[in-house]
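Throughout, read-outs are computed from the coordinates displayed, never taken from laboratory work. Values in this document were obtained by computation on a predicted structure and should not be read as measured data. A quick note on method: Cβ atoms are made from the backbone with ideal geometry, for glycine too, and the neighbour counts reach across all protein chains shown.
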Amino acid sequence: MHTKTLTELKAGLQAKDFSARELTEHFLARIEHHDGTLNSFVTVTADQALAQADAADQAIAAGDHRLLTGLPIAHKDIFCTEGVRTSCGSRMLDNFIAPYTATVVEKMADQGAIMLGKTNMDEFAMGSSNETSFYGPVRNPWDTERVPGGSSGGAAASLAARLTPGATGTDTGGSIRQPAALNGVTGLKPTYGRVSRWGMIAFASSLDQAGPLGLSAADCALMLTAMAGHDSKDSTCVDEPVGDYLGGINQDIAGLRIGVPEEFFPENLDGAIADNARDALRELEKQGAKLIKLSLPSVTLSVPAYYVIAPAEASSNLARFDGVRFGYRCDDPVDLEDLYKRSRSEGFGAEVKRRILVGTYALSAGYYDAYYKRAQQVRRLIRDDFARAFKDVDVIIGPTSPETAFKLGAKADDPVNMYMADVFTIAVNLAGLPALSMPSGLINGLPAGVQVIGNYFQEGRILNVAHRYQMATDWHQTIPGGFA
Amino acid sequence: MAIDTRVVARAAHLARLQVDDNESAELCGRLNDILAMVDQLQQADVDGVAPLAHPLEVHQPLREDRVREPDVRDKVLPNAPASEDGCFLVPRVID
């Protein structure tokens, strides 16, 4: 059962080939067997999952088939889940039992989804390797000496190892797409505001967006249909009708105009990564798509702009962790300031503290114009580059990540080198555009991914392109050895 | 713009973080690595470019004007590190 996609499992449940309980027990057993090695889950919610499975079986018996009825899903531990620990990968929230449920989790549960548990992640979603988690790094199922990427590393690794058939993630600078690429799965970051951020622990609020990770584009379309939509509890969640993501997924792509930006194929790019992306482009060309070279000149400044804007917003968002109302508190504080300072210093890990300090510095008196204002001006230039490009093309394609999965510890002491892991993904967040990463081959036995970027609210179009690619290739069906 | 340990100490105080003397120099080095990378922004020609704070310039939908005051005290307080009689407890702030 675990090699099947959500779409296939849904058909199996409806045909009563197996029950939701059997399906859930199967994945719980796989987690039990394999996750000691991978560490992709922080919390497994077996009892609740089985109760939800029984309810799903009753619904199926009564003919109540919803979008996700009886399908197991793993949620990133950044989404609040009432009554279940929600740690965000941090010591700060190690003892935090969420008092309410995130809209994304609730909407998927309303459609009949079963929650298997909460997946591991970089602390407060700050990282590209899953090594900043308080619960230890996640290991990549393709090579357990390597990282799964981040920050949604647990989501992508558990999916690749077939410990769950579907997962949620969040993407602030590449945190869905980069781990999707490094694990050989499909991951979609929707348009900013397409999916509610209510109950999703905030990192950088003008960039954060939730999305699905799946074994295929069709599975991502299915999950996004359940996740997307307006939510009055998130004022930045847009009031646009949700597209028919599944209905249009198989459309012919003859005549599709694909933009290929020179900035995504820089001279110093690893030749194997560049060749892999060009092979994917050729496959789409075979189906009638047209390649159009273009330039996004300001995109080369996206990493520096991001590392002002994201830490600035994080320094503000993470001010709420004060050791008073919830979360970690230090022992024996002598006064209130000591309580704040020691609770925060002991509760946050090194990377989170670095980003808070960068953000605080960039926003402090005398530096605002040089850093924050300038970064926001560059952000507009980046957005305008994409707007110009989308006058002539339907989608933009390039590699998702400049490299395949790297060794654990390889960049742990070099933050700036780590930040470059997201060099091709960050611009999309700054512009607020939707983008998907799909598996496009193996390089020395490790997965590579290609990124498909669409214009605002064109999730349907990029899912369509990815689906057509997946109809002609089988990279998305390749399973890491030892997990078949 | 390189920073020194004094600037780091000031930012740490503003962020209510404690930076011990033995970690200050290394932290300062890492932050300078990050700021050196960020300084590429100075190359950009941003004359006359308005800052962009939010990617989508769309209207914010209005919500129905209705009183909603859910009583969540009993759900929220169990997460507090210290509480008493329905209140959060902190060290004495007034002598």
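By counting other Cβ atoms within 10 Å of each Cβ, how are A:Lys76, A:Lys233 ranked from fewest to most? Walk me through the numbers on the way to the answer.
On the way: A:Lys76 32, A:Lys233 13.
Least crowded to most crowded, the residues run A:Lys233, A:Lys76.
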Selected from A:Leu6, A:Gly288, A:Thr119, residue furthest toward positive end of dipole (the protein assembly as shown; charges at beta carbon): A:Gly288
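What does the net charge come to around A:Leu207 if you take all other residues with beta carbon closer than 9 Å to its beta carbon, with K and R at +1 and D and E at -1?
Details: positive: none; negative: A:Asp171, A:Asp208, A:Glu313.
Summing Lys/Arg as +1 and Asp/Glu as -1 gives -3.
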List every residue whose amide H lies under 5 Å from the amide H of A:Trp198, counting only residues 5 or more places away in sequence or on a different chain, with H placed 1.01 Å from N in the peptide plane. A:Thr103
Mean other chain Cβ within 10 Å across A:309-315 is 1
Pseudo-spin-label distance B:Val76 to A:Ala370, built 7 Å along Cα→Cβ, given in nm, is 4.0
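Provide a whole-number value for the mean count of partner chain Cβ atoms within 10 Å of the Cβ atoms in peptide A:341-354. Working shown, then result.
Values: counts 7, 3, 3, 5, 8, 1, 0, 2, 0, 4, 1, 1, 7, 5.
Mean number of neighbouring Cβ atoms from other chains: 3.
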For A:His33, net neighbour charge (Lys/Arg +1, Asp/Glu -1) across residues whose Cβ lies under 13 Å away: -1
Dipole axis of the protein assembly as shown (+1 Lys, Arg; -1 Asp, Glu on Cβ), positive-most option in A:Ile453, A:Leu408, A:Gln178: A:Ile453
Work out the length of the dipole vector of the range A:6-251 about its Cα centre, built from +1 on the beta-carbon of each Lys and Arg and -1 on the beta-carbon of each Asp and Glu, and round it to the nearest 20 debye. 260
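Rounded, prolate or oblate: which fits the range A:375-484, taking a ≥ b ≥ c as square roots of the Cα gyration tensor eigenvalues, rounded meaning a/c under 1.5, else prolate when a/b beats b/c?
Numbers: a/c = 3.06, a/b = 1.19, b/c = 2.56.
Cα axes put the range A:375-484 in the oblate bin.
Quickly rank A:5-12, A:213-220, A:242-249, A:451-458 as a protection proxy: mean count of other C-beta atoms within 10 Å, highest first.
Numbers: A:5-12: 19.0, A:213-220: 27.6, A:242-249: 16.9, A:451-458: 24.1.
Highest to lowest by the protection proxy: A:213-220, A:451-458, A:5-12, A:242-249.
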For the residues A:Thr168, A:Thr101, what sequence is obtained by ranking on other C-beta atoms within 10 Å, fewest first? A:Thr101, A:Thr168
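To the nearest 20 debye, what charge dipole does the range A:146-268 have about its Cα centre, counting +1 at the Cβ of each Lys and Arg and -1 at the Cβ of each Asp and Glu? Don't skip to the answer; put the middle values down first.
Values: 8 positive and 12 negative charges, 84 e Å.
That gives a dipole near 400 debye.
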Can you give the FRET efficiency to the nearest 0.05 for B:Ala2 and B:Glu69, using r as the Cβ-Cβ distance and R₀ = 56 Å? 0.65
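Fewest to most neighbouring Cβ within 10 Å: what's the order for B:Asp39, A:Asp385? Kindly include the intermediate steps, with their values, before the conclusion.
Working: B:Asp39 14, A:Asp385 21.
The most exposed by this proxy come first: B:Asp39, A:Asp385.
Sort the protein assembly as shown into rounded, prolate or oblate with this rule: let a ≥ b ≥ c be the square roots of the eigenvalues of the Cα gyration tensor; rounded if a/c is under 1.5, and if a/c is not under 1.5, prolate when a/b is larger than b/c, oblate otherwise. Write down the numbers at each step before the final one.
Working: a/c = 1.56, a/b = 1.13, b/c = 1.38.
Oblate is the answer for the protein assembly as shown, as a/c is 1.5 or above yet b/c matches or exceeds a/b.
Starting from the Kirkwood radius over alpha-carbon pairs of the range A:227-354, derive D by Stokes-Einstein at 4 °C in a medium of 1.567 mPa s and give it in µm² s⁻¹. Mind showing how you got there, number by number?
On the way: Rh = 20.3 Å.
It diffuses with D of about 64 µm²/s by this estimate.
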Evaluate peptide A:364-377: per residue, the Cβ atoms of other protein chains within 10 Å of its Cβ; return the mean as an integer. 4
Once you compute Rg and the Kirkwood Rh from C-alpha atoms, what is the Rg to Rh ratio for the range A:59-189? 0.99
Select from A:Thr37, A:Gln52, A:Phe18 the residue farthest towards the positive end of the dipole of the range A:4-59; place +1 on Cβ of Lys and Arg, -1 on Cβ of Asp and Glu, and compute about the Cα centre. A:Phe18
Given axes a ≥ b ≥ c from the Cα gyration tensor, I'd like to know whether the range A:222-270 is rounded (a/c under 1.5), prolate (a/b larger than b/c) or oblate. oblate
Cα centre as origin, Lys/Arg/Asp/Glu Cβ charges: the protein assembly as shown dipole, Debye: 760
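Stick to the Cα atoms of the range A:6-251, pair each with every other, and give me the Kirkwood hydrodynamic radius in Å at one decimal. Before the final figure, lay out the partial values.
Details: mean 1/r = 0.0575 Å⁻¹.
When all Cα pairs of the range A:6-251 are included, the Kirkwood radius is 17.4 Å.
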For B:Val58, the net charge from surrounding residues (Cβ-Cβ under 14 Å; K, R +1; D, E -1) works out to -2
